[in-house]
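Coordinate-derived values only; no laboratory data. Predicted, not measured: the structure shown is a model, and the values here were computed from it. Methodologically, a virtual Cβ is constructed for each residue, glycine included, from the backbone with ideal geometry; neighbour enumeration extends over all protein chains shown.
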Amino acid sequence: MKSRTIILLALLLGGAALIVVSSRHGTSPKEVAVGLPAPAFSAVDSRNGRLLTPADLRDKVVLVNFWASWCQPCKDEMPSLDALYKEMMQNDSFVMVTLLYKDSPSDALAYLKALGFSFPVFDDKDSIAARDFGVTGVPETYLIDKKGILKQRVIGGADWNSPEAKSLITALLKE
């Protein structure tokens, strides 16, 4: 009887601890939807260690892409992301932010270097931005307008160098 009481007490304490830890870390996802403000986030540039802050993205069209070097659909869309980046890198009103998702910066940078890709890579340490955006897997991409409103969410790979993608980005830049 005494051992049964101890086991029951241990289970109750464990459950209470789990509830406290979950509520402190905010494990419930935030609502992220087209037409609503995009989550504010910070990330570290994997190449130079510079911190990207929400202030760096203010009044800019932002393409946020979550990816990983182990992800084949991510690898498939990399050439189009790189082509878009090279075309848009001189436009001060456009920012491309590619965030690593459950991947090491050294693996990702080695992959990009081997293929000659030049777009910026940011580390989403502890997957905070992924959680705030409600990322379900990779690749996943978000287009945000100059007012910080989410305009498009693309789950899965896409051709970011296509006329349709460029047309959407151009329209957002003109707003």
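Of the cross-linked pairs LYS86/LYS166; LYS151/LYS174; LYS102/LYS147; LYS75/LYS147, which ones have a Cα-Cα span greater than 24 Å in the structure shown?
Going by Cα-Cα distance, LYS102/LYS147; LYS75/LYS147 fall outside the 24 Å limit.
Taking neighbour Cβ counts within 10 Å as the exposure measure, how do THR170, THR136, THR141, THR98 sort from fewest upward?
Fewest-to-most ranking of THR170, THR136, THR141, THR98: THR136, THR170, THR141, THR98.
Where in the range 112-128 does the label zone of LYS102 land, with the point 7 angstrom along Cα→C-beta and an amide N cut-off under 15 Å?
Label zone hits: 124-128.
How much length is gained if the chain between LYS86 and ALA114 is pulled fully straight, taking 0.36 nm per residue apart and subtracting their Cα-Cα distance, in nm to one decimal?
The LYS86-ALA114 span can extend by a further 8.4 nm.
Dipole size in debye (nearest 20) for the range 31-174 around its Cα centre, Lys and Arg Cβ +1, Asp and Glu Cβ -1?
Roughly 280 debye for the range 31-174.
Output needed: percent of Cα pairs per 10 Å distance bin for the range 31-174, bins running from 0 to the one holding the longest distance.
12, 47, 37, 4
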